[in-house]
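Colleague: What follows is a structure written as structure tokens; I'll ask about it next.
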There are 2 protein chains.
Amino acid sequence: MDTALDLHSIRIVRAIAEHGTISGAARALGFSQPAISQHLRRVEGRLGVPLVVRAGRGVRLTEPGQVIARHAITITSALDAASGDLADLVGLASGLVRVAAFPTASSTVVPRFLQAMRDAHPGITVSYVEAEPPEAIGMLREGLVDLAVTFAYPGDRADPHRDPDASVETVPLYTEPVVIALPADHALAAGETVELARLADARWIAGCPLCRGHLLAACEAVGVTPRIDLETDNAIAVLNLVGAGLGVALLPQLALATAPVPPGAVVRSTSPSSDRSIQVIVQSGSQRVPSIAAALAAMRALDGADWGLRRS
Amino acid sequence: MDTALDLHSIRIVRAIAEHGTISGAARALGFSQPAISQHLRRVEGRLGVPLVVRAGRGVRLTEPGQVIARHAITITSALDAASGDLADLVGLASGLVRVAAFPTASSTVVPRFLQAMRDAHPGITVSYVEAEPPEAIGMLREGLVDLAVTFAYPGDRADPHRDPDASVETVPLYTEPVVIALPADHALAAGETVELARLADARWIAGCPLCRGHLLAACEAVGVTPRIDLETDNAIAVLNLVGAGLGVALLPQLALATAPVPPGAVVRSTSPSSDRSIQVIVQSGSQRVPSIAAALAAMRALDGADWGLRRS
DNA sequence: TGCCCCGAATAATCCCACGTTATGAATGCC
DNA sequence: GGCATTCATAACGTGGGATTATTCGGGGCA
């Protein structure tokens, strides 16, 4: 009784109700006539009730058959609605993509991405939340977002790159240079590049926790222990603090696109140079969801050269 | 896309949405875990879209999966409604049986049948139309009725008995004696039985066409050609005509249950005696429909002894 | 951090449901 | 009474879908 009524049987009964003949139903459904006959017999056997009786040349539905035929319209239309919604999804006519990205991207990469998505796939809605990489990855793992745009410094332990975690996959987007901001009147501001090793005595202004970690690692690599006086994840504040002569700071290139460099500060490249990577992380397997694939493609198609980003 | 979404898949997605795990869904549906996993993979292959992604210990629905799960409630409830109606039908909790019977049965066998059906199966509705045997059989063949209660005289050409017609089946109910009514003052009214051969000069009153045919055949068998003066299919009229001394008539026994024998008439058996058979005819195969089977059983259980009917 | 348990994926295998073609029987039409 | 149409049956092949056994990955807990 449970599995007795399947969709195929319902479609068959419906077709018979419309055509009044098994052969006609078979033609309409694209099957051979014996296929329908046999299937009917099987279903009748499962149900314990005949659905059709021969009536002269053709066939006539019994009362149970008529009952099924009556319900068939409801059932098939409900199913058509489902497969219609599904078709919209695979055809990119609808869908929802939830994106998280780190703060600096909010005012640069993300708006351009949202615009590209709206232009290319108007039916797809994109939701966006701002989150630092660790939080963004956490939300991804919890299924709260579909795409997490993150950055990672080389050697970062929390970098999903090096963790062979099969549950998420990383797609590299850009390589972002890390530059140094220092007061315009600083002794090393004159050159094109600044050697970190020569900043053993500098007062440092640190950014977000990850950036601070990179600062420590970069200094350690050249045998220096930075003295960190100030700490803020606000890039504009960092630049202004530097401009006020309160210290030096490592800044990701993208920060410069969000805030003007104040008159009292200059930006230089470092030696040894360092980059961080910008990437988008997705749940394994979800790339095959059309809307997510479209979003991923849109992100990879973004050009960030005007912000100083290099494709990676 | 057409056959991609079947009921099983929908149930599976629904179960996964509820349990959050494939194993749980498998247990709930009574399958092994690999069965669900593989079925999902097949459906995803057909759809071209993943429905689930692994999420830590369990699994999470993708957006397409959620869409299916949303529609699943509608679809399965529509289907449950259908199988509920079907279950009512097989459980005799509902149903419709359409019956046709010949006029004399309308006031005898049919009321008793209707009462028996109402007592035994209150949920089944029975519709009834009165029709002479040929018309009743015609309605049966056209699918307008499910049961046709008919009578047949021996040798009747239109009797479905002798016609090896596979489209209908005949179930015998009773053997009904045919008696003769004659004026009380008739010369032959004195004896217990009346020899037809001695009625060569009688004025006959004929009944319905079939009865008239039987009259002719019965007389012919004894070498007599009846003179038919009057003709009516109204049994009461026939009896009163006889009572008025206007002629003699062959009458089926059941007619006497519908009309009192007037003082001026008497009823006798005939020699040679003749019977007609009362039977119910159904479309081949429809006996397996529960409501029709129940009606058929109720008819066969009817006792007609008080009307002078013998089981056959 | 390492161990252990639970759930998912894969592999190998089996079988019945369901499709096909070929053919026969019954019915309505000309 | 032939002819066309339709359903039923037979024989057969394929694959969907189930099973068990096993491996892999991830989370929870000491």
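Colleague: Among B:VAL67, B:VAL97, which is within 13 Å of chain A (Cβ to nearest Cβ) and free of Cβ contacts under 8 Å to residues at least 40 places away in the same chain?
Modeller: Going through B:VAL67, B:VAL97 in turn, just one is within 13 Å of chain A (Cβ to nearest Cβ) and free of Cβ contacts under 8 Å to residues at least 40 places away in the same chain: B:VAL67.
Colleague: Could you look through the stretch A:37-53, keep only residues that are more than 7 Å from chain B (Cβ to nearest Cβ) and β-branched (Val, Ile, Thr), and pick out the one that is farthest from the chain's Cα centre (by Cα)?
Modeller: The qualifying residue farthest from the chain's Cα centre (by Cα) is A:VAL52.
Colleague: Taking the conditions exactly as written (crowded, with 20+ Cβ neighbours inside 10 Å and among the basic types (Lys, Arg)), does B:ARG276 satisfy them or not?
Modeller: yes
Colleague: For the stretch B:37-53, which positions are near DNA strand D (Cβ under 7 Å from one of its atoms) and in contact with a Ser or Thr (Cβ under 9 Å, 6 or more places away or on another chain)?
Modeller: Those that are near DNA strand D (Cβ under 7 Å from one of its atoms) and in contact with a Ser or Thr (Cβ under 9 Å, 6 or more places away or on another chain): B:HIS39, B:ARG42.
Colleague: Among the residues in the stretch B:296-310, are any free of Cβ contacts under 8 Å to residues at least 60 places away in the same chain, more than 30 Å from B:LEU144 (Cα to Cα) and either under 24 Å from the mean Cα position of the chain (by Cα) or assigned to a strand (DSSP E or B) (or both)?
Modeller: There is at least one residue in the stretch B:296-310 that is free of Cβ contacts under 8 Å to residues at least 60 places away in the same chain, more than 30 Å from B:LEU144 (Cα to Cα) and either under 24 Å from the mean Cα position of the chain (by Cα) or assigned to a strand (DSSP E or B) (or both).
Colleague: Now, a different point. Only one of B:PHE102, B:PHE31 is aromatic (Phe, Trp, Tyr) and either open to solvent by 30 Å² or more (accessible area, probe 1.4 Å) or within 11 Å of another protein chain (Cβ to nearest Cβ) (or both). Can you tell me which?
Modeller: B:PHE31 is the lone residue from the list that is aromatic (Phe, Trp, Tyr) and either open to solvent by 30 Å² or more (accessible area, probe 1.4 Å) or within 11 Å of another protein chain (Cβ to nearest Cβ) (or both).
Colleague: Can I ask one more? Going residue by residue through the stretch A:224-238, is there one that turns out to be small (Gly, Ala, Ser) and away from every other protein chain (no Cβ under 14 Å)?
Modeller: yes
Colleague: In the stretch B:54-75, which residue that is open to solvent by 10 Å² or more (accessible area, probe 1.4 Å) and within 16 Å of DNA strand D (Cβ to nearest atom) is nearest to A:GLY91 (Cα to Cα)?
Modeller: By that ranking, first place goes to B:ARG60.
Colleague: Let me ask something else. Among the listed residues B:GLY56, B:GLY91, identify the single one that is within 11 Å of chain A (Cβ to nearest Cβ), touching a helix residue (DSSP H, G or I) at 6+ places or on another chain (Cβ under 8 Å) and farther than 30 Å from A:ALA69 by Cα.
Modeller: Selected residue: B:GLY56, the only one of B:GLY56, B:GLY91 that is within 11 Å of chain A (Cβ to nearest Cβ), touching a helix residue (DSSP H, G or I) at 6+ places or on another chain (Cβ under 8 Å) and farther than 30 Å from A:ALA69 by Cα.
Colleague: Out of A:ARG46, A:ARG70, I need the residue that is of a type in the set (Lys, Arg) and within 16 Å of DNA strand C (Cβ to nearest atom). Which one?
Modeller: Sole residue among the options that is of a type in the set (Lys, Arg) and within 16 Å of DNA strand C (Cβ to nearest atom): A:ARG46.
Colleague: Continuing with the same structure: State which residue is nearest to B:VAL178 (Cα to Cα) when the search covers only the stretch B:192-241 and only residues that are among the acidic types (Asp, Glu) and in a strand (DSSP E or B).
Modeller: B:GLU195
Colleague: Give just the number: which of (1) in contact with a Ser or Thr (Cβ under 9 Å, 6 or more places away or on another chain); (2) near DNA strand C (Cβ under 9 Å from one of its atoms) does B:SER23 not satisfy?
Modeller: Looking at each condition in turn, B:SER23 falls short on (1).
The values are calculated or read from the model by the stated rules, or taken from the named source; none is laboratory data. Everything quoted here is computed from the prediction, not taken from an experiment. Using ideal geometry, Cβ is built from the backbone for each residue, glycine included, and neighbour counts are taken over all protein chains shown. For accessibility, only protein heavy atoms count, side chains too; no ligands or nucleic acids. Shrake-Rupley method; radii C 1.70, N 1.55, O 1.52, S 1.80 Å.
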